[in-house]
Each structure stands twice: as C-alpha cells, then as structure tokens.
Amino acid sequence: MTASDRTDRAAPPRLGRATLHRLPHECRPAIDPDALRTRVVHFGLGAFHRAHQAVWTEQAAARSGEPWGITAVAPRSPAAAGALREQDLLYSFTERRPDGAATRVVAALTGALVMTEDAARVDALLADPEVTVVTLTVTEKGYHRLAGRDPREGPVLDRAAPAIAADLERTAAGAGAGIGAGSSAERLSTVVGRLAAGLAARMRSGAAPLTVVSCDNMADNGAVLGAAVRDFIAASGWPDRRTVLDRMATAVAFPGTVVDRIVPATTDTDLARAAKALGQRDTAAVTGEPYRSWVLEDSFAAPRPPWELDGALFVPDTTPYQLTKLRLLNGCHSALAYLGSAAGRTTVAEALDTDWGAPLVRGLCAELAPTLPPGGPDPVAYAAELVTRFRNPAMDHQLRQIATDGSLKLPERWLPALRTLRAAGTPTPLLEVALAGWVYATHPDRQAADPAAETLADCWRGHPEPTGTVRALLTALGAADLADDTALTGAVAARLPALRVGRIEV
Ligand code: CS2
C-alpha cells in the first residue's frame, strides 16, 4: 500500500448530492437542490456571495416553495467554479459564533461558470426570460469607474481603462467581422462588457424585463452600475446600440442595495474544520459572522426571490442605509486595518483588544454621524453593535484583507464625509489619524495589494517632506481639493511619527 492509498482511505468523501443523506442532520441544506432552476445569474463567485446572497436565496426558495436557483459566474478564475462543480454545486457555510461554530450545507446554486470560458452560456442565460434577476459582487475594481464620478453627472465608465478599451475594441471588431452584434463570440474580459452584451442580446430577443442588482460597497451602487453598462453599450461597435438602450430604459432596473456580513477569506484551518463538522471534504467552504443584513431598493422590473421571507428589508431609498454602512462599518474597518497593522496587530479582534480600538470605533462613528442623511440606523446604537461584531474572537478577520484596494475603498468610505465636515469647519481628528494610518501603509515596504500600488509608491519617492507625500497621495485618490487643504495635510503628516513607533493616539 502506498502513502497516497493510505491518505485516500483516511480522507473523508467529497461533499456531493450522492452523500447529502450522510450529513449530520443539522448540517443539511434547507432545500432539495434538485428542486431548483436557474432564475438568478450572479457575477462574482467569491466567499462573500456564498455567505450572503446565496444563503438568502436558498432560504427564500425553501420558505416560498418557488424554485429560485442561482447560476454563479466567476469573472476569470476557474478554481472556484471547478471546486463547486466537483461537489455538485454544494458548499458549506460555517457561522463563527463567539461561543462556537455551526456548519451547514447551502444548496442555492444551479450552475458555476467561468465568464471568459463559458461566454455563450452566460449570454444565453442573460437572454433567458426565466432568468429575471442578475446580482453582482465584483468589488469596486469591477466597475472601471472614472475616479469619483457621480452617475448623475455624465458618463461614469473609464473607457480608457485598458480592459474596457480592449473590450470596446472587440465589439467593434466583432461587428465588422459579421459576428452577430453583441455575440458571445466576442471574448469580452470585463464583467461590465459581458453584462452589456448579455443585456443587449436580451433586448434583441423580446426584451423580457430583468433586474440587475449591484451588491458591492459603493454609494449609489445601482445607479453606478446602470450608468457603466449604458456607457459601455453607447461606446460599443454594435450597430443597434441606440435601440438596445431605448429598450433597456423600460425593461431593465438597477436598484440600489446594501449588503452586510463580515466574511474572512477561507483558510486551510477552516477547510479542516468544515470537513470535521460535515464528515465530508468541502474545498469550497466559506465562513462568516452570525450577523447579516440586506437592504434593497424596492424597484424591481420583474419577479424576484422573496428575500423578505428571510429578513431582507425593501425600502424606497437605500441611501441612508448605504451611507451609514459604508462610512461607519467599512470606514471603521479601513481605519482599524491601517492603524492596527501599524500597531503590530493582525486581526480586527486583536485591534479591538487594545486601549484605542473601541474608542476609535465609537469616536470615528461620532465624528462621521453628522454627515449621514436622516432615515438610517441610529449611529450610536450602530457603533455599539460594531464594537461587539468586531470583537468576535471567533472571526480571525485579517487586517491585511481589509487593507487591500485602499485606493478604491477610501473614496467611498472616508473622503465624501471628510469633505462635508471640512467644508462645515468641523474638526476631523479621527479621520486625520485614519488617513495617517493609510499614508503610513502605502509606503513601498509595507503596501497591501492595490491596483494603484505603483502610483502610491511613487508618492513616497518624489517627496522628501511628509506633507508633500500626503498631498501626492490625496491627489492619487482623486481628491485634489483635499490635497490643497494645508491644515489637513499638515495634521495628517503630524500623526506619522507616532505611527512609526506603533503608537496609536485617538
Ligand atoms: C471590509 C468588507 O474587506 C473590507 O473592505 O470592510 O468586506 C466588510 O467586511 C463587509 O462590507 C461587511 O459587510
């Protein structure tokens, strides 16, 4: 017997439909996966989708008896789609409760595709009248938005971004080569492009109404996505682009939404724990906190899963909820990520386990609260709940995960509030500390992954004076107005020496 025979024999079986009946009772899915049909298409097959929208959709199907299933599309990486297909599209979610974990298999998926490999299937689904909802979690990067551009003020899509420019080029080449306009033969590499092509195909074949729901952490996420897709179509080489846009105006809705659940990246330890709980191997397992919420703008163009049966909130306007979540939760998260790392901490719970962590969260929420529109959650109660969520010792949420893509996150989380407060002459001491934390973290020796990493590193190289670096970094964020605020840049620079010795002063 070889070593690998021994390993195979010892390894538990792979999770799959054939072995569902062997799962411990409390780990079984809420619904029979064979009862589902693809009625939702989701772009972005990451952990967050599996721990959030998929859970709601499974519950909505289970409680209503309606067959709402999701075909999830990975924009590029075949790994997640492959792992799910090997397990008959099943995976487990482990709720990380402070007093122990609970693992359960989720049966929400009816397909797992790779956008760049399965373009024809994706287009066919987007054109299928039985599919009435598309959701997206593609992160801020996926929108290729012109920095800071408000969707009410003209085009938002950065047509010069290399991936978008290449996709637009492909639409022109496809049309010229006699390929059906918007055809899946066009190997589009961006989600905005593929979605635009799929919607165009739908508009050409009957224009059955559809709702497209951005589930990313951006203010006005629905409006931004709608504008980006329309910009793409308008700039495409498709000869019927005007007709497509006209039909979309009544047939396709882009409501705003606010999604919330803290989902750390899955580790090998998580996989081992899931296997132990299930008695079966699950390489697509995800974990997350017990808390979850979903607020949606009640303006759908077509039937949707009854997510309200599982506690989703439908409101006329998501703005107060979105800004509260973005500025308080995500804003504090980013502040903890940069300051915690400077203080030598590695997880959110560790950053909270300091004499400055909870005061920072409460203080930053209080500083930001005057910038929030009325109608959302009470900021003081929200801050108290955040402290409890962030302290959850079972989470192991890495600060480095939150620190990534800061150049795209901070313009959503900190800068609009900072502008409002400074215009009103209101002191902003904690936003200044937080900004100093980010400035410190952008040094080429310490950087987290960021699409603007090179530009940020250059801001250090060319400026011997700390205020010059701060100024250059704010300009790189698209905030030339804040870069010109010498009181601000001076205050941020003055915070750097303490950070260099790991001291956080809030
Ligand atoms: C976090 C978010 O990584 C990050 O930037 O702030 O992913 C956060 O955990 C979620 O938005 C919570 O809903």
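Taken together, the values in this text are just the output of simple stated rules run on the coordinates, not laboratory data. Computed from a predicted structure; not experimentally measured. When we count neighbours, we look across all protein chains shown, and the Cβ atoms used for this are built from the backbone with ideal geometry, even at glycine.
Observations on the model:
- Length-normalised contact order of segment 13-315 in % [C-alpha pairs under 8 Å, at least 6 apart]: 23 percent
- Computed over segment 202-315, the percent of Cα pairs more than 23 Å apart is 50.
- Values of log10 I(q)/I(0), in the order q = 0.11, 0.12, 0.14 Å⁻¹, for the chain under a Debye, Cα-only, solvent-free model: -0.99, -1.15, -1.44
- Net length available on complete extension from Glu86 to His25 is 19.7 nm, with 0.36 nm assigned per residue and the Cα-Cα distance removed.
- Each residue, Thr250 and Arg37, gets one label point 7 Å from its Cα in the Cβ direction; the gap between the two is 2.6 nm.
- Global form of segment 13-315, assessed from the alpha-carbon gyration tensor, a/c cut-off 1.5: prolate
- Normalised contact order of segment 319-500, rounded percent, pairs of Cα under 8 Å and 6 or more residues apart: 25 percent
- Length released on extending from Thr346 to Ala101, taking residue separation times 0.36 nm less the Cα-Cα span: 86.0 nm
- Mean residue ellipticity (222 nm) of the chain, computed from DSSP H runs ≥ 4 via -39,500 (n - 2.57), nearest 500: -13000 deg cm²/dmol
- What separates the Cα centres of segment 367-435 and segment 219-295 is a distance of 22 Å.
- Sites Arg242 and Val501 - FRET efficiency at Förster radius 45 Å, r taken between beta-carbons, to 0.05: 0.15
- Label-point gap, in nm, between Ala234 and Ala79 - each point 7 angstrom along Cα→Cβ: 3.8 nm
- Charges were assigned to the Cβ only: +1 to each Lys and Arg, -1 to each Asp and Glu. The resulting dipole of the chain about its Cα centre is roughly 580 debye.
- Placed amide H near Thr135: partners under 5 Å, 5+ positions off or other chain: Val41, His42, Phe43, Val213
- The chain, relative contact order [Cα under 8 Å, separation at least 6], %: 14 percent
- Note that segment 268-393 carries a Kirkwood radius of 17.0 Å, evaluated over its alpha carbons pair by pair.
- Modelled spin-label separation between Glu454 and Glu130, with each label point placed 7 Å from Cα along the Cα-to-Cβ direction: 4.7 nm.
- Restricting attention to the chain, close to 30% of DSSP beta bridges with both partner residues there are antiparallel.
- Exposed-loop-free span, longest in the chain, where GluC sites (Glu not before Pro) count as exposed if DSSP calls them loop and at most 13 other C-beta atoms lie within 10 Å: 154-504
- As a proxy for reagent exposure, Val41, Val55 were ordered by neighbouring Cβ count within 10 angstrom, fewest first; the result is Val55, Val41.
- The convex hull around the C-alpha trace of segment 17-81, projected and averaged over every direction, spans 5.0 square nanometres.
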